[in-house]
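Shown next, in structure tokens, is the structure this report addresses.
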Amino acid sequence: MKKVCVTGVLAVCMMLLTAGAALAADGDGDSSRGMIALAAGLGIGIAAVGAGLGQGRAVAAAMESIGRNPNSADRIQTPMIIGIAFIEALAIYALVIAFTLSGSV
């Protein structure tokens, strides 16, 4: 857990350091376009990480239950695939929102 926290803090520090340089490139002094681009990038990144973690936990739980009771593989596999499709749909919604935000930059 400590490794994840340190990685998150480093990622936020790098984001803050690079955001100033990206916003300084605008000559008009309006930082809203840079913030929109930053929000689009962070939104899809966080959604991808969340979807990956959710899918990993769902598949791990399904594989563990199939390992405990191999006869129930038919009844477990279909709901697992439907659940993974719902998780992936949330990531796709985040991608659509990121493209929408990028279009307004």
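The values are calculated or read from the model by the stated rules, or taken from the named source; none is laboratory data. Everything numeric here is computed off the predicted structure, so don't read it as measured data. All Cβ positions, glycine included, derive from the backbone under ideal geometry; neighbour counts span all protein chains shown.
Is it the case that the range 90-105 has a residue that's outside any helix (DSSP H, G or I) and either at pLDDT 95 or above or under 24 Å from A11 (Cα atoms) (or both)?
Checking the range 90-105: at least one residue is outside any helix (DSSP H, G or I) and either at pLDDT 95 or above or under 24 Å from A11 (Cα atoms) (or both).
Would it be correct to say that I66 is of a type outside the set (D, E, K, R), closer than 22 Å to L42 by Cα and in a helix (DSSP H, G or I)?
no
Could you list, in sequence order, all residues of the range 48-84 that are closer than 20 Å to L95 by Cα and touching a residue at least 12 places away in the same chain (Cβ under 8 Å)?
Within the range 48-84, A48, G50, A51, G54, Q55, G83, I84 meet the criteria.
Could you list all residues from the range 74-105 that are surrounded by 15 or more Cβ atoms within 10 Å (Cβ to Cβ) and of a type in the set (G, A, S)?
G83, A91, A94, A98
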